[in-house]
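Colleague: First the structure, then my questions, so here it is.
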Amino acid sequence: MKNPENCGGDSDALGLYILKQGDYTKEAFSVLLAAHMSNKKINIYLQGCDGTYPIVDWVQVYDA
């Protein structure tokens, strides 16, 4: 996944992102962990930067 905001740094090469801070941060992290543990594919949508890291605005898990 490419960084649409061009935040800079090595975040693209390393695949590092930051979860958007807010009311749903813990829930989004739980969804990501559950998707990983069950081998589900995900889409993440990026919006903005936190330093040199893109911010994950929301996560979508595929049921298939």
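The values are calculated or read from the model by the stated rules, or taken from the named source; none is laboratory data. As the structure is a prediction and not an experimental result, all values here were calculated from the model. Note that each Cβ is placed from the backbone with ideal geometry, even for glycine, and that neighbours are counted across all protein chains shown. Remember, those area values only see protein heavy atoms, side chains included, never the ligands or the DNA or RNA. Shrake-Rupley method; radii C 1.70, N 1.55, O 1.52, S 1.80 Å.
Colleague: Could you check, for region 3-15, whether at least one of its residues is out of contact with any helix residue (DSSP H, G or I) (no Cβ under 6 Å at 6 or more places or on another chain), at pLDDT 85 or above and either open to solvent by 70 Å² or more (accessible area, probe 1.4 Å) or part of a strand (DSSP E or B) (or both)?
Modeller: no
Colleague: Let me ask another. Within region 25-38, does at least one residue satisfy the condition of being in contact with a helix residue (DSSP H, G or I) (Cβ under 9 Å, 6 or more places away or on another chain) and of a type outside the set (A, V, I, L, M)? Steps first, please.
Modeller: Initially, region 25-38 is screened for residues in contact with a helix residue (DSSP H, G or I) (Cβ under 9 Å, 6 or more places away or on another chain), giving none.
For region 25-38, residues in contact with a helix residue (DSSP H, G or I) (Cβ under 9 Å, 6 or more places away or on another chain) and of a type outside the set (A, V, I, L, M): absent.
Colleague: Quick one: Asp57 ticks every box in (1) at pLDDT 90 or above; (2) surrounded by 11 or more Cβ atoms within 10 Å (Cβ to Cβ) except a single one, so which number is it?
Modeller: In the conditions (1) at pLDDT 90 or above; (2) surrounded by 11 or more Cβ atoms within 10 Å (Cβ to Cβ), Asp57 misses (1) alone.
Colleague: For Ser38, which of the numbered conditions (1) at pLDDT 90 or above; (2) open to solvent by 90 Å² or more (accessible area, probe 1.4 Å) fails to hold?
Modeller: Evaluating Ser38 over (1) at pLDDT 90 or above; (2) open to solvent by 90 Å² or more (accessible area, probe 1.4 Å) leaves (2) as the failure.
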